Amino acid sequence: MYSTSHPAPIADQTKVWDLKPEHEFRFEVDFNNAVVLRLKSGTAEIFGAELGSGAEYRFTGQKAAVFTWHGCSLEIQGQCNVAYVADETPMASYINLHTALQSRRVAAAAAAASTAMTAPPATDREGQVTVAPGTTGPVVMLIGPVDAGKTSLAKLLLNYAVRQGQHPMFINLDPAEGSVLMPGTVSAAPAMHLLDPEDGFDALGLDKTAGDVSTPLCYHYGFPSTTDNPKLYGLLAAKLAETVRARLARNHQTRPAGCIIDTGGVIDAAAGYELIQQSIADFHVDLVVVLGHERLYSDMCRLYGNSATVKVVKLAKSGGVVNRDKDFLRHAQLRTIRRYFYGSSYSEYSPFSTIAWYQNLKIYRVEDSIAPSSALPIGIDRKVSETQIVPMEPGPVLIHSILTVSSLDATEDEDKLLESPAAGFVYVSSVDENKKSKKLTLLSPSPGRLPRKYLLLSSFKWMEM
Ligand SMILES: Nc1ncnc2c1ncn2[C@@H]1O[C@H](COP(=O)(O)OP(=O)(O)OP(=O)(O)O)[C@@H](O)[C@H]1O
């Protein structure tokens, strides 16, 4: 069993790798192991984030690549499970895509600046801010099968944008990853800084300087796969799209940078295409990038070939992208959960323990679409619609669970629970069923009592190790 809390050991061996221009050093390190990487000379980047000369980067439980445009020398301390240099990469096509997006951002920023100077923001009949044409940057959706390199390309495009002073909105529609905050959610946050080469999405959403637009937005879904409850997933993706668009409409400085949308692996099931089509419409996507799947590309061309607003392009999958087995993914999810409470090398947190009495809690969950009634945990009264919440009694079934703290106030109607963004997450570290004082002990990133009473149960469990 891997530990998510104790640092993995670094083997006492050092190797230097010299890379020619446009070569890539690919490496894999499992969760039992760690390596330290140092850029000795030249320039290099990890998914678009430049490495500092001489700075040390520690990797554990990672599969990644260091790319160099002009050549470099790398020093690796410790033992990688896989390590090799590749001379064939799709980086030229990726930078071409970035260049095209960047020129659209520049044009959108110029249009937004001239509109801001000439006209005050207009509102429609419902009081929504209307967006002047040409002032929204590219809205790009990355699709492809599982392990096609979608998230890696999203990181690269975000980092290249940030390096040119742009702050696109990153939208994560892959509930398995939970890259912005927590697995089992769909979320959005602007890329205010370069993504941490060691941890990727850590820096997202931590910056408050851009005001309302920079606060991460996150909706509770509760399951790892879009197919666990497609109806609920569709509803939440639509809600996220509506909120992101409203935020961007109010902010003419961030809007021209556009959005980069990462999705879960599309399998050729009809439900997969429906969800993708729905999200393309909801987010007003204007560019669909298909990674490494000819049939998906041809299906998308068939669907959008005549569209005046949606373009479809295909890009090659990098030969370095590796399949991650279930065990690896599970441990990556546990690391994301731990990171929410304890932070990472980028920023360490000290979580707080807080007591919540049974009588003060209102806990709900949503069913997945396939659970037979015999599989329902104790405390769930009946099988209901996939987008309906079911109240549940607190009890031992909650131990080691992740609960989403809803932003909905306890005085508001609980019907709005699923459509309300998450205010945060707590972890149930113990359940005390002592008759007089039934209570949960919760781990929380902030001190004090729970700010709200509505909690939603996620199917993810985590154990501190
Ligand atoms: N060029 C590369 N060299 C080595 N490893 C890579 C490279 N590109 C991506 N990877 C690794 O391959 C794995 C899969 O890539 P990625 O997460 O980008 O795929 P994905 O399509 O988003 O997967 P999913 O469908 O599961 O979300 C990741 O661990 C990633 O770090």
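Of the numbered criteria (1) touching a strand residue (DSSP E or B) at 6+ places or on another chain (Cβ under 8 Å); (2) more than 26 Å from residue 158 (Cα to Cα); (3) more than 15 Å from the ligand (Cβ to nearest atom); (4) in a loop (DSSP other than H, G, I, E, B), the one residue 21 fails is (2). Flag: residue 96 does not match the condition of being part of a helix (DSSP H, G or I), surrounded by 18 or more Cβ atoms within 10 Å (Cβ to Cβ) and modelled with pLDDT of 95 or more.
Here is a yes/no grid of residues against (1) crowded, with 24+ Cβ neighbours inside 10 Å; (2) without any contact (Cβ under 8 Å) to a residue 12 or more places away in the chain; (3) away from the ligand (no atom under 15 Å from the Cβ):
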| position | (1), (2), (3) |
| --- | --- |
| 151 | no, no, no |
| 156 | yes, no, no |
| 164 | no, no, yes |
| 188 | yes, no, yes |
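The set of residues from the range 310-324 being more than 11 Å from the ligand (Cβ to nearest atom) and modelled with pLDDT under 95 comprises just one member, 316. Among the conditions (1) away from the ligand (no atom under 13 Å from the Cβ); (2) assigned to a helix (DSSP H, G or I), the only one that residue 335 does not satisfy is (1). Scanning the range 430-458 for residues that are at pLDDT 80 or above, crowded, with 18+ Cβ neighbours inside 10 Å and of a type outside the set (Ser, Thr, Tyr) gives 431, 439, 440, 442, 443, 455, 456, 457.
Kindly evaluate residue 204 against the criterion of being modelled with pLDDT under 80 and not small (Gly, Ala, Ser). Yes, satisfied.
For the range 65-83, the set of residues classified as assigned to a strand (DSSP E or B) and either more than 12 Å from residue 35 (Cα to Cα) or more than 13 Å from the ligand (Cβ to nearest atom) (or both) consists of 65, 66, 67, 68, 72, 73, 74, 75, 76, 77, listed by residue number. Among residues of the range 347-368 being assigned to a loop (DSSP other than H, G, I, E, B) and surrounded by 15 or more Cβ atoms within 10 Å (Cβ to Cβ), the one that is nearest to the ligand (Cβ to nearest atom) is 368.
The values are calculated or read from the model by the stated rules, or taken from the named source; none is laboratory data. Bear in mind that the values here come from a model prediction, so they are computed numbers and not experimental data. As a convention, Cβ positions derive from the backbone with ideal geometry for all residues, glycine included, and neighbour counts pool all protein chains shown.
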